[in-house]
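The values are calculated or read from the model by the stated rules, or taken from the named source; none is laboratory data. Keep in mind that what you see is a predicted model, and the values were worked out from it rather than measured. Here the Cβ is made from the backbone with ideal geometry for all residues, glycine too, and neighbour counts use every protein chain on show.
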Amino acid sequence: MNVLIVEDEDRIAAFVERGLKAEGFTVQRAADGPTGLALASQDEVDLVILDLMLPGLSGEQVLERLRGKRPDVPVIVLTAKDAIEDRVRNLNAGADDYLTKPFSFAELLARVHARLRSREQATSTVLEVGDVELDVRSRTARIDDRDVSLTAREFALLETFLRHPGQVLSQVQLMDRVWGYDFEPGSNVVEVYVGYLRRKLRADVIETVRGAGYRFRD
Ligand code: CA
């Protein structure tokens, strides 16, 4: 799957690119409106992540012109504006979804998967590893046939683990995926949330790998 990121802020573009590449996507980047429009117009681009404040052409102008050429390509808009009118206007102009900055990688990834899924009409929305099941559409978790209620962060953390079963994920990777690029270095928030998941699910589902990070047992 080819994803195009149209974003002039290098820090955010690099953060999104790194995360998507780790998920196996092919990523292209454009740092201004005209380049973004030219690349997005090519058929091999499967999904576009589009910032609104861009040099050359605004995100709204890119979106409007792109819809004239490719009405069906999924577009997720990134916006620093959270006014409801902007959201409605963007959706009317043909955006499929939007994210308000700052956002975490897990939130973005969930939307990317949802957009590609609804395009492909795929049916499975359940991630299952061992005794743990997570329905990413209804946002519910189950273990040993018991329903578990999770907060948004716990859900995002569990989803990240379930997408990488058996793999050691470092504190920094988890921070990056679940808390986004605005986290405080040296924070123990990952440890705290792993503790919450162990309590709600079962202590042995997440293993601590000393000096390396955490692993979800598969
Ligand atoms: Ca921008």
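Looking at region 36-53, which of its residues are over 20 Å from residue 112 (Cβ atoms) and within 12 Å of the ligand (Cβ to nearest atom)?
Of everything in region 36-53, just one residue is over 20 Å from residue 112 (Cβ atoms) and within 12 Å of the ligand (Cβ to nearest atom), namely 53.
In region 135-172, how many residues are over 19 Å from residue 111 (Cα atoms) and not hydrophobic (A, V, I, L, M, F, W, C)?
The number of residues fulfilling the criteria is 11.
Could you figure out which of (1) at pLDDT 85 or above; (2) out of contact with any Lys or Arg (no Cβ under 8 Å at 6 or more places or on another chain); (3) within 16 Å of the ligand (Cβ to nearest atom) isn't true of residue 57?
Residue 57 satisfies every listed condition except (2).
Do you know which of the residues in region 1-23 that are over 13 Å from the mean Cα position of the chain (by Cα) and more than 16 Å from the ligand (Cβ to nearest atom) is modelled with the lowest pLDDT?
Only one residue tops the list, namely 1.
Tell me the helices (runs of 4 or more DSSP H) entirely within region 125-218 that contain at least 3 residues that are under 20 Å from the mean Cα position of the chain (by Cα), among the charged types (D, E, K, R) and closer than 25 Å to residue 24 by Cα.
Working: elements: 152-162, 171-174, 189-200.
Passing ranges, in order: 152-162.
So which pairs qualify, if the first residue must be in region 182-211 and free of Cβ contacts under 8 Å to residues at least 60 places away in the same chain, the second must be loosely packed, with under 10 Cβ neighbours inside 10 Å and outside any loop (DSSP other than H, G, I, E, B), the Cβ gap must be under 9 Å, and the two must be at least 6 apart or on different chains?
Short answer, once both residue conditions are applied: 198/204.
State whether one or more residues within region 23-34 are crowded, with 18+ Cβ neighbours inside 10 Å, aliphatic (A, V, I, L, M) and in contact with a helix residue (DSSP H, G or I) (Cβ under 7 Å, 6 or more places away or on another chain).
yes
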